[in-house]
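Accompanying notes for the structure given below.
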Amino acid sequence: MTHKYRIGIIGCGGIANGKHLPSLAKLPNVEIAAFCDLIPERAEQAQSKYGSDDAKTYTDYRELLSDSSIEIVHVCTPNDSHADISIAALEAGKHVMCEKPMAKTAADAKRMLDAAERTGKKLTIGYNNRFRPDSLHLKQICEAGELGDIYYAKAHAIRRRAVPTWGVFLDEEKQGGGPLIDIGTHALDLTLWMLDNYSPKMVLGTAYHKLSQRENAANAWGPWDPAAFTVEDSAFGMIVMENGATIMLESSWALNSLEVDEAKCTLSGTEGGADMKDGLRINGESHGRLYVSEVDLKSGGVAFYSGASEEAPDVEMRMWLEAIEQDKEPVVTPKQAYVVSQILEAIYESAKTGQAVYLSGR
């Protein structure tokens, strides 16, 4: 009989109900047995919809962690509490999936990494865009060396007007930043993963508060409150890697631009290039001619990541449980996620000081 893993959810808000719980509920070897939220009603609602017969609810995550039957914990709280909750869960003997970004600060991310190494428990971060069909196929192309040495890349996270006006998204104290740490983090993670390059040398960044103070602004989720908008509305960075490769990172919630792309990347290598702008396109040179080819992502799955009909979060959760079951590294490792946090923090630091930030040796 297949072992059923008992999972606890800490934070029963939007990301838990929108991604974690629906995808976990599809897995046959999972019981969602504990729900924790500062608002009791949210935990109770999640329990009634997704909970096992003996599922319990909590308002204090420490009480949930004291239940020895819980083997895995998913941390779906605001960024400023990721580190403390994840570390406590690891030290309580639980495997942990923490929502992105890894933490509010690079120092906190490092504490999480150290805790995972110290306890021997698995830790992963919720960068679900790696599990999309286009991402998985492009990763195979990169691993096969078909683009050659990738020395220039762009990480895209641009919204024209889509500022999240709910929860704590606009609160710098809780989140650590705005679009850069919220959606720029996805684009950066995806790009670094494609390059398989986690050795940043230098970062130069800018951040803007140009549109955030507009009253009654057009926005996908209704006008924002300028007084509550304490984070940047857009941020940009240039990252130079130790091997000389350059990554340009662009992120915005509000920008006067018709080039709108989110959680995508553009790659330029010595043998070819790729982008996710209009589906997945590969470009290069063959027999003295330039070519562009569009990948048909509807004609089957990716060999290693079977199940083409699954949505990206479904694949993410399945692969996470397989990493635990087979005692192998998760697809998103804490070391990789820590580098993402280092770079994001360096962009914010550079934006404030107007100076380049050197990461070598940090």
Inset, instruction - Any chance you could look up the accessible area of VAL331 with a 1.4 Å probe, heavy atoms only, rounded to 10 Å²? - result: 30 Å²
Inset, instruction - Would you kindly give the portion of the calculated P(r) for segment 211-362 that falls above 20 Å, as a percent of all Cα pairs? - result: 70 percent
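If you rank TRP166, TRP224 by how much accessible surface each has, with a 1.4 Å probe, what is the order from largest down? Before the final figure, lay out each step's value.
Working: TRP166 125, TRP224 10 Å².
My answer, sorted largest first, is TRP166, TRP224.
Go through 97-104, 20-27 and give me the packing order, highest mean Cβ count within 10 Å leading. Don't skip to the answer; put the middle values down first.
Details: 97-104: 27.1, 20-27: 19.4.
With the highest mean Cβ count within 10 Å placed first, the list reads 97-104, 20-27.
Rank by packing, highest mean first: peptides 176-182, 154-160, with packing defined as the count of other Cβ atoms within 10 Å averaged across residues.
Details: 176-182: 26.3, 154-160: 22.6.
So the order, starting with the most tightly packed, is 176-182, 154-160.
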Inset, instruction - Could you work out how far helix 40-50 tilts from the main Cα principal axis of the chain, as a 0 to 90 degree angle to the nearest 10? - result: 80 degrees
Legend entry - Length gained when the stretch LYS26-GLU173 is fully extended (0.36 nm per residue, less Cα-Cα span): 49.4 nm
Inset, instruction - Give me the accessible area of ILE183, 1.4 Å probe, in Å² rounded to the nearest 10. - result: 10 Å²
Inset, instruction - Tell me which residues come under 5 Å, amide H to amide H, from LEU280 once H is placed; ignore anything under 5 positions away on its chain. - result: VAL295
Legend entry - Calculated [θ] (222 nm, deg cm²/dmol) that DSSP helices of n ≥ 4 give over the chain, each run adding -39,500 (n - 2.57): -8500 deg cm²/dmol
Legend entry - Cα-based equivalent ellipsoid, the chain: semi-axes from gyration tensor eigenvalues, Å: 32, 26, 20
Legend entry - Karplus-derived HN-Hα couplings along segment 92-98 (A = 6.51, B = -1.76, C = 1.60, θ = phi - 60°), whole Hz, x at Gly and Pro: 8, x, 9, 7, 10, 10, 10
Inset, instruction - Kindly write out, for segment 122-127 in residue order, the coupling ³J(HN,Hα) from the Karplus curve 6.51 cos²θ - 1.76 cosθ + 1.60 (θ = phi - 60°), rounded to whole Hz, with x marking Gly and Pro. - result: 7, 9, 9, 10, x, 8
Inset, instruction - Please arrange MET241, MET202 by accessible surface area, largest first, computed with a 1.4 Å probe and ligands excluded. - result: MET202, MET241
Legend entry - Degrees, to the nearest 10: 312-325 long Cα axis against longest axis of the chain: 60 degrees
Legend entry - Inter-part distance where segment 86-133 and segment 261-285 are each reduced to a Cα centre, Å: 30 Å
Legend entry - Amide H contacts of CYS265 (H built 1.01 Å from N, under 5 Å, at least 5 apart or other chain): HIS156, MET276
Legend entry - Rounded tilt (10° steps) of 106-119 against the dominant C-alpha axis of the chain: 50 degrees
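Show ASP278, ASP189 ordered by accessible area, largest first, where the area counts protein heavy atoms only and the probe is 1.4 Å.
On the way: ASP278 100, ASP189 0 Å².
Reading off the accessible areas and sorting them downward yields ASP278, ASP189.
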Inset, instruction - Quote the accessible area belonging to TYR291 in square angstrom, nearest 10, computed with a 1.4 Å probe and with ligands, DNA and RNA left uncounted. - result: 90 Å²
Legend entry - Karplus 3J(HN,Hα) series, Hz, for segment 155-166 with 6.51 cos²θ - 1.76 cosθ + 1.60 (x for Gly, Pro): 10, 9, 8, 10, 10, 6, 8, 8, 8, x, 9, 9
Legend entry - Residue among ILE72, GLY176, GLN47 farthest towards the positive dipole end of the chain, charges placed on Cβ: GLY176
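In debye to the nearest 20, how big a dipole does segment 310-354 give about its Cα centre with +1 on each Lys and Arg Cβ and -1 on each Asp and Glu Cβ? It would help to have the intermediate numbers written out before the result.
Working: 4 positive and 10 negative charges, 75 e Å.
The calculation lands at about 360 debye.
The values are calculated or read from the model by the stated rules, or taken from the named source; none is laboratory data. Given the structure is predicted, the values throughout are model-derived calculations rather than measurements. We place every Cβ from the backbone using ideal geometry, glycine too, and count neighbours over all the protein chains shown. With ligands, DNA and RNA removed, areas are computed over all heavy atoms of the protein, side chains included. Shrake-Rupley method; radii C 1.70, N 1.55, O 1.52, S 1.80 Å.
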